[in-house]
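The next block holds one structure in the form of structure tokens; read it before the comments.
The values are calculated or read from the model by the stated rules, or taken from the named source; none is laboratory data. All values derive from a computational prediction rather than experimental measurement. Heads up, the Cβs are rebuilt from the backbone with ideal geometry, glycines too, and the neighbour counts pull from every protein chain shown. For accessibility, only protein heavy atoms count, side chains too; no ligands or nucleic acids. Shrake-Rupley method; radii C 1.70, N 1.55, O 1.52, S 1.80 Å.
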Amino acid sequence: DTGVSQNPRHKITKRGQNVTFRCDPISEHNRLYWYRQTLGQGPEFLTYFQNEAQLEKSRLLSDRFSAERPKGSFSTLEIQRTEQGDSAMYLCASSPSRLAGGINEQFFGPGTRLTVL
Amino acid sequence: EDKVVQSPLSLVVHEGDTVTLNCSYEVTNFRSLLWYKQEKKAPTFLFMLTSSGIEKKSGRLSSILDKKELFSILNITATQTGDSAVYLCAVDDGSGNTGKLIFGQGTTLQVKP
């Protein structure tokens with residue numbers, strides 16, 4: 001499977017615990033995005049990487065959230081001291097360089113569903 | 001504040017019906033508009049629209065963009081139960097050249113046999 005993969009697919013944790021999610025983008029894609037989706041809503045942008053550089057963070061990304069893409073390949077999203085309001089689906093997407101025709105079709109992974117009890 | 005608004009929020013039709021889903025936007029640095037289909041998993045790409053008045057078609061689905069009135073529609077003809085899904089409209093925010101997408105809240109379509 002050469003699509004975007006995310007692990008784990010589901011995570012249940014207790015309030016106050018730390019959690020980490022992983023995203024493996026399509027291999028030739030240098031752009032990587034994290035979104036959060038709550039029930040009945042569309043995805044909301046969290047952060048963007050171009051290669052290993054984190055170039056934009058949403059104000060939704062509080063200081064409890066941190067994302068990395070150390071080698072410009074896979075990415076991790078960590079949430080510290082989880083709160084019940086963090087319960088959501090966390091989606092990762094990747095796309096090729098905009099130099100390749102200007103197209104920004106983002107390919108989404110299956111998401112990690114987080115439940116904070 | 002940039003926003004994307006979809007209507008209706010939900011729709012129930014019978015197989016064979018034609019549906020029109022609406023998406024309006026207010027995005028300062030519009031680059032393109034995208035439609036996705038989401039069936040309890042990852043959104044899958046349907047169309048990307050950048051120019052007004054040019055219809056994109058794929059089978060029974062078609063979409064068009066009006067950049068003057070700031071909206072797009074997604075049409076599905078001869079609906080089938082497999083079309084049941086959430087349809088998401090998103091705008092590529094060109095500011096900063098990041099390509100981040102601003103999504104609407106989605107339209108939930110249920111097609112009954």
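So for chain B, averaging the separation of alpha carbon pairs under 8 Å that are six or more residues apart and normalising by length, what relative contact order in percent results? List each step's numbers first, then the result.
Numbers: 292 pairs, mean separation 41.6, N = 113.
For chain B, the relative contact order is 37 percent.
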If the elastic network links every pair of Cα atoms under 10 Å, which of B:LEU88, B:LEU101, B:LEU49 fluctuates the most in the Gaussian network model of chain B? B:LEU101
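For chain A, calculate the relative contact order in percent as a whole number, restricting contacts to Cα pairs under 8 Å that are 6 or more residues apart.
37
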Protection proxy ranking, peptides B:54-61, A:33-40, average beta carbon neighbours within 10 Å, highest first: A:33-40, B:54-61
Among B:LEU70, B:THR108, B:ASN97, which residue has its Cα positioned farthest towards the positive end of the charge dipole of the range B:43-113, with +1 placed on the Cβ of Lys and Arg, -1 on the Cβ of Asp and Glu, and the dipole taken about the Cα centre? B:THR108
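Carbon and sulfur together cover what percent of the accessible area of chain A at a 1.4 Å probe radius? It would help to have the intermediate numbers written out before the result.
Values: 2790 of 5940 Å².
It is 47 percent, rounded to a whole number.
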Rounded to the nearest 10 Å², what accessible area does B:HIS14 have for a 1.4 Å probe in the complete protein model? 100
Binned at 10 Å starting from 0, the alpha-carbon pair-distance distribution of the range A:1-88 in whole percents comes out as 16, 50, 30, 4
Mean projected area, convex hull of alpha-carbon positions in the protein assembly as shown, reported to one decimal in nm², is 12.8
Taking chain B as a Gaussian network, where each spring joins two C-alpha atoms under 10 Å apart, which residue of B:PHE103, B:PHE71, B:PHE45 fluctuates the most? B:PHE45
Can you tell me, using C-alpha contacts under 8 Å and at least 6 residues apart, the relative contact order of the range A:57-117 as a whole percent? 30
List the lysines whose alpha-carbon lies under 22 Å from that of B:LYS41, not counting same-chain residues fewer than 8 positions away? A:LYS11, B:LYS100, B:LYS112
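Give the average, rounded to an integer, of partner chain Cβ atoms located within 10 angstrom of each Cβ in A:39-49. The partial results should precede the final answer.
Working: counts 0, 6, 4, 15, 9, 3, 7, 1, 2, 4, 1.
Average per residue, whole number: 5.
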With no solvent and one point per C-alpha, what does the Debye sum give as log10 I(q)/I(0) for chain B at q = 0.11, 0.15, 0.16 Å⁻¹? -0.32, -0.60, -0.68
